[in-house]
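Let me begin by presenting the structure, written as structure tokens, before commenting on it.
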Amino acid sequence: MVVMKFGGSSVANAERIKHVASIVKSYADRKPIVVLSAMGDTTDHLLEAADMAVKGEVAISRIEALHKETADILGVDYAPIQELLEELDTLLTGISLLKELTKRTRDYLVSFGERLSVRLAAAYLNKTGTPARFYDAWDVGFVTDSNFMAAELLEETWTLIPQALGGYKSGKDNAIPVVTGFIAKDKKGYITTLGRGGSDLTATMLGAALGAEEVQTWKDVNGILTADPRIVPSARTVPEVTYEEAAELAYFGAQVLHPRSMVPCRKTGTPVRVKNSYNIESEGSIIVNEHSTAVGPVRAITAVKDVTLLDIVSTRMIGASGFMAHIFNQFLKWDISIDVIATSEVSISLTVNNKGDLSGLLSDMQGLATTECKRNKAIVTVICDADKATSILADGFAALVKKDINVEMISKGASKVNISMICDDDEADLVVRTLHDAYFPA
């Protein structure tokens, strides 16, 4: 059994759905379970419709046109789609009367994207001779808490999924399940969404709970690459990474599974494979607990731009206790997340997202420390075996010196799989290319 997850771009229109169906059919002998996102930009269009409804205008014409046209091209029954669109229209009418959109209503609203896409895909598979059945995620056991917009799966989901899909796993039912990603229900029956990486989490939870051979997430590149191919055209596919390495890549900007979505498979040791829907024959990249073969010291290089570097120096005497605690309490107070950090006894250098307002934080820290705020910075991260940091840094800095590039801060992650450095935003691409040439010579 394999679980196959396809994102919104993979099911953006009728032709893409046909292509996904052809991929699913090619895996028919491996008992696939399919997880789908909403078509293309449907989720954004649903939220735009909600904004209009709050202002008193109900309009679903754009969403309706996309799905009706898709059904017509696929040659499938439009009735199930029409039924959902009527429900959506009723919901938006309610929003327009109340003139408000709560988190609970928002989750109900955005669920229509996934619910529409699975109905179209399952209908097309059946039309072309491959038995399939659509499921809303709650029909196969997905139960969450009531933290709308960022719900967490409850422990009982682990037992409910095998109960719901046991017939398919055992062979008593041969209809391929086509399941909505991203959504679930709480114990009261209200629709919830799983937050960041939600569709991937749906897929990995299904794979882990059912003991699948592997979970596949289909993208538009040949797996996980050594760098962003838009920055480094010669970037290569990384055949194998660990869950820990994949998590660090995701944290620092790479388009890999969100770390929370890997938790179920990490718990059971179920491999996750990143595949290219435009290049089916490629093996892609596989994410596993431990490397199965010897690997080089560096796996990949990634960059996050538009961050702020804060250099914080204590105004108190050297050795005064509690300095760091006082500083971090201010970040907690203002709900500001720290990305990369380097410390000494009386100073801290760290980075934060550039989009937040730092004025309150900086004001509160005036009595504790002097703070220099440097904007328009970037974090360049080397995913590697950090136990070999000396040789990795030696090779990297030798290459940077030749380009006359000076980085401002270095941080070796506690995970032992990353080394991060800070540079100017406008130098980030050059730093990535220079390091890539040093670690992955042609």
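The values are calculated or read from the model by the stated rules, or taken from the named source; none is laboratory data. Note that the structure is a prediction, hence the values are computed from the model and not measured. Using ideal geometry, Cβ is built from the backbone for each residue, glycine included, and neighbour counts are taken over all protein chains shown. Just the protein is used for accessible areas: all its heavy atoms, side chains included, with ligands, DNA and RNA removed. Shrake-Rupley method; radii C 1.70, N 1.55, O 1.52, S 1.80 Å.
Values as computed for the structure displayed
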read-out	value
Matching entry among Ala254, Ala247 (being out of contact with any Asp or Glu (no Cβ under 6 Å at 6 or more places or on another chain) and part of a loop (DSSP other than H, G, I, E, B))	Ala254
Test result for Leu225, open to solvent by less than 30 Å² (accessible area, probe 1.4 Å), out of contact with any Cys (no Cβ under 6 Å at 6 or more places or on another chain) and at negative phi	no
Tally of residues being out of contact with any helix residue (DSSP H, G or I) (no Cβ under 9 Å at 6 or more places or on another chain) and touching a residue at least 24 places away in the same chain (Cβ under 8 Å) across region 59-73	0
So Gly356, is it out of contact with any Gly (no Cβ under 7 Å at 6 or more places or on another chain) and in a loop (DSSP other than H, G, I, E, B)	yes
Any hit, region 200-217, residues being open to solvent by less than 50 Å² (accessible area, probe 1.4 Å) and touching a His at 6+ places or on another chain (Cβ under 9 Å)	yes
Matching residues, region 229-251, being touching a strand residue (DSSP E or B) at 6+ places or on another chain (Cβ under 7 Å) and closer than 16 Å to Pro441 by Cα	Ala235, Arg236, Thr237, Val238
Some residue of region 202-212 being outside any helix (DSSP H, G or I), within 18 Å of Thr144 (Cα to Cα) and touching a Phe, Trp or Tyr at 6+ places or on another chain (Cβ under 7 Å)	no
Odd one out for Gln163, checked against (1) open to solvent by 60 Å² or more (accessible area, probe 1.4 Å); (2) under 27 Å from Ala21 (Cα atoms); (3) free of Cβ contacts under 8 Å to residues at least 60 places away in the same chain; (4) assigned to a loop (DSSP other than H, G, I, E, B)	(4)
Test result for Thr270, touching a residue at least 40 places away in the same chain (Cβ under 8 Å), of a type in the set (Val, Ile, Thr) and assigned to a loop (DSSP other than H, G, I, E, B)	yes
Among the candidates Lys18, Lys5, residue that is of a type outside the set (Asp, Glu), touching an Asp or Glu at 6+ places or on another chain (Cβ under 7 Å) and open to solvent by 10 Å² or more (accessible area, probe 1.4 Å)	Lys5
Subset of region 365-418 (residues that are of a type in the set (Val, Ile, Thr), part of a loop (DSSP other than H, G, I, E, B) and within 18 Å of Asp306 (Cα to Cα))	Val407
Helices (runs of 4 or more DSSP H) lying entirely in region 6-76 (those with 3 or more residues that are touching a strand residue (DSSP E or B) at 6+ places or on another chain (Cβ under 8 Å))	14-26
Qualifying residue in region 198-218 (condition: closer than 24 Å to Ala428 by Cβ and of a type outside the set (Gly, Ala, Ser))	no
Residue match in region 334-342 (condition: among the aromatic types (Phe, Trp, Tyr) and either open to solvent by less than 30 Å² (accessible area, probe 1.4 Å) or under 30 Å from Thr237 (Cβ atoms) (or both))	no
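Matching residues to (1) over 25 Å from the mean Cα position of the chain (by Cα); (2) open to solvent by 60 Å² or more (accessible area, probe 1.4 Å); (3) free of Cβ contacts under 8 Å to residues at least 24 places away in the same chain; (4) closer than 12 Å to Ser117 by Cα:
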| residue | (1), (2), (3), (4) |
| --- | --- |
| Ala28 | yes, no, no, no |
| Leu36 | no, no, no, yes |
| Gly40 | no, no, no, yes |
| His45 | no, no, yes, no |
| Glu57 | yes, yes, no, no |
| Gly75 | yes, no, no, no |
| Glu83 | yes, yes, yes, no |
| Ile95 | yes, no, no, no |
